[in-house]
Amino acid sequence: MNAAGLNLIGIITLVAVCLACLWLKAKSSGESFLHRAPGRDRYSFTELIAYVKHQIHELSRNPSNEWGMNEEAWNRKVKVRAELRQALRGCTYGDQQDKRYVKSFIRDLLVRGYGISEENIDLIIPFRDRERLNAQDRFEIVLYLYRRRHGEMALSTLIEDYDLDQPKCRSDEDGTGIFEINAEDVDSVFYREYRLLSFPEKLDLVVQRVYQMYKGFSVIDAIREQNIDGVSGGVSGIPGNQSLWQRIEDEIEPGGPEIPLDQDGRQITRSWDSVWIFYKGKSIRLSFLSFGSEAELKRVCQNIYKFNLPGQLSEANGFKVNELKDGSRVVVVRPPFAESWAFFVRKFDVKNAVLEGLIQGNNSNLPIELLKYLMKGSRITSITGSQGSGKTTLLMAMIKHIYPSYTLRVQEMSFELHLRRIYSTRNILTFRETEYISGQAGLDLQKKTDGTVNILGEVATDEVAAWMIQMAQVASLFTLFTHHAKTFRDLIESLRNSLLKTGMFRDEKIAEYQVAGVLDFDIHLCKDYQGNRYIERITECCRLNESYQERVIVEYRNGAYVPVKPISAHSLKEMSKEMTPEDAAAFERFAGMYWREAIGA
């Protein structure tokens, strides 16, 4: 054989040896990972997560062990890898299907690759020794058991069953107290609810813990999916400043408490110990939960807002407003814009956004029916109130009573109303502000989209307020919007000042009269200390010569809704004109029932 032939044989042999080495390396990578340096706790979550990361990286990115496959097997492997990569991206956006897909991979890796079995799973979480379970373990077990029975209503059912949303008071407090679910509460619930778990149930809990620390949202991962009003983190405690914490520890007096206390006499915590939920208008601290480190809180903040690629959170751009895959609004802030990393997830109960479910109290039929007729009567209506008072949810519910033939155009800062999900057969299109398109530009475009009703998720800037006034005058049949004004007078003055600031008017009285000439009704929402939400008043804006009159139609007094002043004759006439004959007749009977003088009875 000549030299060329020998060289060819040598090259082929070398390639074959290299491919065999690569295949063996890939095959043994998982096994070699399990035999790392001695002294490591093989059943710690740190090791479990490291193993899962390593193996998923190999599964999703390393094709070295696929040489020699036939075409069908190769295509199958490529498809699995593509699906895994997609799921790894999608699960961080809050996609439940992708989350289940990734968790199924983790489950398989732990059982088949890592060797987790019924004999050793208690070395990860001590399920059999209840006294060794920490507060997080106990809470996750209880929530898991409730989820099996109640699904996304698990946490709210748990809170209601054990009155966990009641304020806690110290003996030296004035009775106001704080809303908090602490370790003692968790222990009390745990000992009542705990039962022996099967191996698949234990494995579910271990897989969830691994997932939430690897690709999920840490300790809030399961909480975020529950049917509550929202969840936030990083909003209390000392920011991640070691020198500040050291100074606090240095100030501890000899013989005093070893743990530093704040001015309320409570233990000082750090920002990553901050987990809060928003439930029925109440901000409740889950003091038994912690992200564990600033790095973990930072990881959650950097991932939770990234659905639909809204841009990078950076020092120059210190906040982001976006939504998750399920429609929840998410706001993320970071230093130096904020004193610490923090996030706010706000959820809206789309399924229960009906007036009858939202408005409670004696004689609640009065405001419910009135709001329906305001929509049928095409009245320009504002919904005002503080944050968390229920403005967005009420707006969702009111839209149901707009005649279905009307086209709706919506402008929001972030997609929150999701009206096409609720009313999928209606002609609805929503716009939002972006980095390059302002709210004003969006409102300008709405005039060219055949909109009958214009809806503003929130009038938050002077430009949008001024445009709302213009739009309500000429561009649509009527307009709905929300605002943070505390009183009707504050609403008028705020809108008036926006007209002045944008240069549309220079005379204060003329600007105020323009606002009063546009607005028909205001619905003011209130939330008390206990978190109860109600309509404090419904006010009609009556135009006068160069001025206006604030006319309270309905008011909430001592737990009941009462009619106050009658609807003006002008509004009765204008509303009836916009309704169908059947609705106009029903509206006349309704008004006569509560305000006889309004129709001359």
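With contacts taken as Cα pairs under 8 Å at a separation of at least 6 residues, the range 510-584 carries a relative contact order of 20 percent. With the biggest extent put first, the Cα atoms of the range 433-523 measure 33, 26, 23 Å across the principal axes. What shape does the range 489-601 have by the C-alpha gyration tensor, where a ≥ b ≥ c are the square roots of the eigenvalues, rounded means a/c under 1.5, and otherwise prolate means a/b greater than b/c and oblate the rest? Oblate. Of the chymotrypsin sites (Phe, Trp or Tyr not before Pro) found in the range 388-439, those that fall in a DSSP loop while having at most 11 other beta-carbon atoms within 10 Å are TYR436. The packing ranking of peptides 331-340, 465-474, highest mean first, is 465-474, 331-340, where packing means the average number of other beta carbon atoms within 10 angstrom of each residue. In straight-distance terms, cross-link reach from LYS565 covers every one of the aspartates and glutamates whose alpha-carbon lies under 19 Å from its own, apart from those fewer than eight places away in the same chain; here that gives GLU369, ASP520, ASP522, GLU536, GLU540, GLU550, GLU555, GLU574, GLU588, GLU597. Listed by chain and number, the aspartates and glutamates whose alpha-carbon sits under 15 Å from that of LYS298, ignoring those within fewer than 8 places in the same chain, are ASP221, ASP273, GLU315, GLU339.
Among the listed pairs LYS376/LYS486; LYS99/LYS391; LYS347/LYS501; LYS280/LYS447; LYS448/LYS509, a Cα-Cα separation exceeding 28 Å is found for LYS99/LYS391; LYS347/LYS501; LYS280/LYS447; LYS448/LYS509. Overall shape: oblate for the range 277-326, with the ratio a/c of the largest to smallest alpha carbon gyration tensor axis at 1.5 or above and b/c at least equal to a/b. Sorting the segments 540-548, 387-395 by their mean number of nearby beta carbons within 10 angstrom, highest to lowest, gives 387-395, 540-548. Oblate is the label for the range 413-567, because the ratio a/c of its alpha-carbon gyration tensor axes (a ≥ b ≥ c) is 1.5 or higher and a/b is not greater than b/c. Protection proxy ranking for 514-527, 101-114, using the average of other Cβ atoms within 10 Å per residue and placing the highest first: 514-527, 101-114. Here is the list for the range 101-174: GluC sites (Glu not before Pro) lying in DSSP coil, each with at most 14 other C-beta atoms within 10 angstrom of its C-beta, are GLU118, GLU119, GLU173.
The numbers here are math on the coordinates, done by the rules we state, and not lab data. None of the values given here were measured: they were computed from a predicted structure. Note that we place each Cβ from the backbone using ideal geometry, even for glycine, and neighbour counts take in every protein chain shown.
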